Every structure is written in structure tokens, then in C-alpha cells.
Amino acid sequence: MLTIYNTLNKRKEEFKPIKEGEIKMYVCGPTVYDYFHIGNARTFIMSDIIRKYLEYKGYKVTYLMNLTDIDDKIIKKSIEEKKDARVVAENYINAFFEDIEKLKVKKADDYPKATAHIDDIVAMIKKLVDKGAAYNVDGNVFYDVSKFNEYGKLSGKKIDELESGARIEINEAKKNPLDFSLWKKAKEGEPFWDSPWGKGRPGWHIECSAMSCKHLGETFDIHAGGNDLIFPHHENEIAQSEAATGKHFVNYWIHFGFLNIDNQKMSKSLGNFFTARDVLKTYPAEVLRFFFAQTYYRGPLNYSIDLLNSAQKGLEKIQNLYERLVQESKNASLTDAETDFDFKPFYAEFERAMDDDFNTAQGIALLFDFSREANKYLSDSSKLNKKFVEGALQFLNKVAVNVFSIINTEGKQMGNSIEDELINLLISIRLDAKKNKNFALSDKIRDDLKELGIILQDSKEGTTYKRA
């Protein structure tokens, strides 16, 4: 029985799809004004693993991820780069697709864009205005949170407490500081669309409601996103969607924990901000996926170079087993005898772990158990046969390749080649030299590696490298 921790009800619940055998799932995608960071990557990768496990269980999954391609941040970036906002958005949309492909994230069934759904957004806002749940002030339309009695049911926040602690905005047009924008009146030079309230653009929250309802229906199975979106974004989605349709919006809400850098919150101001694109220059996607999957998705995750290196070494054991099995599968001398290796307990344990609210950490632990037992079997030539090799490869393909996507099936080394080990050794020697104030040796190692096309990158988290 599959159970999911539902943020809405604050407990694990048995999963029951609306339509037997089918699941409709929506994941909040990026606002495309920059390359996405590794915190976003955790959401994209863990959502991908959940989707792939649901497919492993035989469900037909309709999977959507939106692209927010009009937003204050995009407009700000367009001003900085002196480019049209549409050009900025398109450039980062292309970069997003490049990066998630490298991360081995399966393509969504659709990537709805906000700018392609303006009519749907306007129609939903009009419903809210007509029902008295929203109001227009000089071309700006706001949602009236006081009209939704269940406001706060996702986050657990109470309206009166939010009001007393709210920072009063410089916007006297709003009835309540908690009321949020559905439609923003266009300022001079900003992108705009026509609406019953004049020229303007949609607010962020209404975009997701309109797009998810349009493509998945007014009630659907799963909505996922980062913990930082619980309030106000997802709370506001529920309020406006249920007020507009009169129906329950989403059955199961899944949220992914925060990612910290060396036990500190990731922040550009702290100089510890990493994009997924940066990390992929040094570490393969399989390592990053393995690193994320080692931790329960709802909990916080600490990121550091040391932890990534440790993940890389751990994953190498599973990768080596896979490559050895591939080689053995080409061994013409293997017999067709039945194997006495029992794969059933490993499948059962994997499913037991993942059925318990997608416990990927336990699933990864099982892969290590399997690798240990499989290697023992491989070392006994008297037992080795085709059935075992085929069965072991099938298990790794179903679990490590199809669900976790942590194995490089092309059989290439995953970064811990002799060359990489030597570079890491030189980095270690350089670090010792710097500690001993031998800056001449430190600089020589850096400069000599640069001559060889290896660029060292120093940061608070340590030293990484990339190939020029």
C-alpha cells in the first residue's frame, strides 16, 4: 500500500487516485530569469524519482511542470540585460531544458507557459471578481482572503495572526495587507495584455491555478514543490482555485525540504549560491541524483563538496557492479542453469521502502545490500550463470536506472578516474601548502594545472575544478 505524507492534512495517508490506474501530477517549475540553483534541482530530481516510481508501479502518470515566463524578476532582468522580457525568458527556458536533460529528468508531458494562458488566467480572475472573492482598484485586481474561510489550511497559518504580524505594504488600495495580486496594472515600458480591467499582466499565484486546472482538471491528484512555496504560493493557489471552481483543488500536496550549504542557508549575499549548471561542470548528474536520493525528501539537506565526494565514492560501488554485470553478460561460457539467487526479497524491500512515502534513503541502502550480495555471488565461479547475470541486470535497470537514474549505462567512468584522483591529490597538496603559507607552491600548482586545461575554483566550501 502506497502512503504519502500530505502537507494539507499533516499526516501520511493511503494514496487513492481519482481515477484507478491514472495519476495527474503538477510540479511548480522555474521562473525563467536565471539558471536554476541546486535547491531547485532537488525539487526537479525528487519529483522525477516520485514520478518514475509511480510509473514503476504501473500507473499512467500525466506530469506537468509550468514555466513562469512573465514575472517581476524577469522584467528586472530584462532591464539589466537591456533585452526584451520575452527574449530573456526564452533564453532561460532553453537553458532550463538543457540542464534538466543533463540531470536525467524525464520530460514532462507538457510545460505550460503563463504567457500562452492569458485568456485562461483572465477567465479565472473574472470568475473570482463576479463571485465577490476579488476586487478591482484602478486596474489592479486583488484576491480578498477574508472571503475564503479556509485560508491557511495548507500552511497552518491563521489569518488574524498573519494580519497582526504583516508588514504593511505601500499599497493603500488593498483592503487587507494579506490580499494578493491577481492582475497587475501595466507600468510604462512593461509587457502587458488586454483585460476587462485594462492593460496589465497576471500575478504569479493565479498563473499556476489557471494552468493546472486547464490541463489536469479542477480537482487532480498530486501537486508538488519546494517547502518555500507552501506559503504564500500554494496557500494562495488553493484559495483562488477553490473559490473559482467551488471544488476541492488537490488531493495530495508533496513538499521538498530546504537545501543548506555547509549548514547555512543558500544566498547570493553569502557567496554560497550554486546553480545546477555550475555543479554539473564538476560532478556527473548521477552523483547529484544519488546525493539527493540518500536523504528523505521532506527533510532538510546539507550540501558540501565533501558530502558530494562521499556520494561519488559510494555510487561507484553500484556503478562498478553494473559494469561488471554488463561484461559478464557477454561471456559466452556462462551456463543456462537456473540460479539459486533469490531476487524477490530485494524487489519486495525496495517497494516497501518506496511505498512508505517514497523513502529513497532506504531504497538506496537496499541497493548497497544488493551490491554486496551480488558481488559475493559473482566471486563464486561455480554459481555464476546467465540467469543470475540477467536477473541482476534487470533488477539494477528497474531500480537504479529506471527509477533513481543513478547509473551511467554507457559505462563511462563517473569522475573518479586516475586523472581525477591525481587532480584531487594536487588540490589537497595545494591546500596544505596554503595552510603552511607556502604560497609559491600553491600558485605553481594552480598555474601548472591551468596550463593543462584544469581551472581551479576556490570558494568557502573548498576547491573544485573544471576543464577549460
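The values are calculated or read from the model by the stated rules, or taken from the named source; none is laboratory data. Remember, predicted model here, so these are calculated numbers, not experimental data. Backbone-built Cβ (ideal geometry, glycine too); neighbour counts: all protein chains shown. Quick note on the areas: whole protein, heavy atoms, side chains included, nothing else; ligands and nucleic acids left out. Shrake-Rupley method; radii C 1.70, N 1.55, O 1.52, S 1.80 Å.
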Checklist outcome for this item: If we keep only residues of region 1-42 that are out of contact with any His (no Cβ under 9 Å at 6 or more places or on another chain) and among the polar types (S, T, N, Q), then the residue farthest from A210 (Cα to Cα) is T3
Checklist entry - If W197 satisfies every condition in (1) open to solvent by less than 80 Å² (accessible area, probe 1.4 Å); (2) within 30 Å of I49 (Cα to Cα) but one, which is the exception? => result (2)
Checklist entry - Has region 275-287 got any residue that is touching a Gly at 6+ places or on another chain (Cβ under 8 Å) and open to solvent by less than 10 Å² (accessible area, probe 1.4 Å)? => result yes
Checklist entry - So V87 clears everything in (1) closer than 23 Å to W253 by Cβ; (2) assigned to a helix (DSSP H, G or I); (3) open to solvent by less than 70 Å² (accessible area, probe 1.4 Å) except one condition, right? Which one? => result (1)
Checklist outcome for this item: When region 133-163 is checked residue by residue, the ones that are among the hydroxyl-bearing types (S, T, Y) and part of a strand (DSSP E or B) are Y135, Y143
Next on the checklist: Here is a check on your reading of the model: is G39 open to solvent by less than 60 Å² (accessible area, probe 1.4 Å), closer than 14 Å to G225 by Cα and assigned to a loop (DSSP other than H, G, I, E, B)?
Outcome noted: no
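Which residue, of I407, I423, I364, is surrounded by 15 or more Cβ atoms within 10 Å (Cβ to Cβ) and part of a loop (DSSP other than H, G, I, E, B)? Step through it out loud before you land on a result.
Working: I423 fails: part of a loop (DSSP other than H, G, I, E, B); I364 fails: part of a loop (DSSP other than H, G, I, E, B).
Criteria check complete, one pass: I407.
Okay, residues lined up against (1) under 19 Å from K104 (Cβ atoms); (2) part of a strand (DSSP E or B); (3) of a type outside the set (G, A, S); (4) at pLDDT 95 or above:
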{"site": "S212", "(1), (2), (3), (4)": "no, no, no, yes"}
{"site": "H234", "(1), (2), (3), (4)": "no, no, yes, yes"}
{"site": "I238", "(1), (2), (3), (4)": "no, no, yes, yes"}
{"site": "A243", "(1), (2), (3), (4)": "no, no, no, yes"}
{"site": "N251", "(1), (2), (3), (4)": "no, yes, yes, yes"}
{"site": "L288", "(1), (2), (3), (4)": "yes, no, yes, yes"}
Checklist entry - Does region 146-156 contain at least one residue that is open to solvent by less than 20 Å² (accessible area, probe 1.4 Å) and hydrophobic (A, V, I, L, M, F, W, C)? => result yes
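Could you go through region 268-275 and let me know if any residue there is modelled with pLDDT of 95 or more and farther than 19 Å from S371 by Cβ.
Taking region 268-275 and keeping what is modelled with pLDDT of 95 or more, we get none.
Within region 268-275 (the criterion being modelled with pLDDT of 95 or more and farther than 19 Å from S371 by Cβ), the answer is no, since none of the residues qualifies.
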Checklist entry - Of all residues in region 17-33, how many are in contact (Cβ under 8 Å) with a residue 24 or more places away in the chain and surrounded by fewer than 19 Cβ atoms within 10 Å (Cβ to Cβ)? => result 3
Checklist entry - Which of the residues belonging to region 331-355 are closer than 24 Å to K57 by Cα, surrounded by fewer than 16 Cβ atoms within 10 Å (Cβ to Cβ) and of a type in the set (D, E)? => result D342
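Is it the case that N140 is more than 27 Å from N6 (Cα to Cα), more than 32 Å from the chain's Cα centre (by Cα) and open to solvent by 70 Å² or more (accessible area, probe 1.4 Å)?
no
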Checklist entry - So which of D447, D380 ends up being among the acidic types (D, E), in a helix (DSSP H, G or I) and either modelled with pLDDT under 95 or exposed (fewer than 14 other Cβ atoms within 10 Å of the Cβ) (or both)? => result D447
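Go through I70, I79, I100, I93 for me and flag whichever is open to solvent by 20 Å² or more (accessible area, probe 1.4 Å) and under 30 Å from I38 (Cβ atoms). First the steps, then the outcome.
Numbers: I70 fails: open to solvent by 20 Å² or more (accessible area, probe 1.4 Å); I100 fails: open to solvent by 20 Å² or more (accessible area, probe 1.4 Å); I93 fails: open to solvent by 20 Å² or more (accessible area, probe 1.4 Å).
The conditions single out I79.
L441 - would you say it is in a helix (DSSP H, G or I), out of contact with any Leu (no Cβ under 9 Å at 6 or more places or on another chain), at pLDDT below 95 and open to solvent by 80 Å² or more (accessible area, probe 1.4 Å)? Show your work before the answer.
Numbers: in a helix (DSSP H, G or I): yes; out of contact with any Leu (no Cβ under 9 Å at 6 or more places or on another chain): yes; at pLDDT below 95: yes; open to solvent by 80 Å² or more (accessible area, probe 1.4 Å): no.
No: the conditions fail for L441.
Answer yes if at least one residue in region 139-160 is over 24 Å from F231 (Cα atoms) and modelled with pLDDT of 95 or more, and no otherwise.
Of region 139-160, the ones over 24 Å from F231 (Cα atoms) are 139.
From what's left, modelled with pLDDT of 95 or more: 139.
Checked against the condition, which is being over 24 Å from F231 (Cα atoms) and modelled with pLDDT of 95 or more, region 139-160 yields at least one hit.
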Checklist entry - Under 8 Å by Cβ, and 6 or more places apart or on different chains, what pairs join a residue from region 249-261 that is open to solvent by 10 Å² or more (accessible area, probe 1.4 Å) with one that is of a type in the set (S, T, Y) and outside any loop (DSSP other than H, G, I, E, B)? => result L259/Y303; N260/Y303
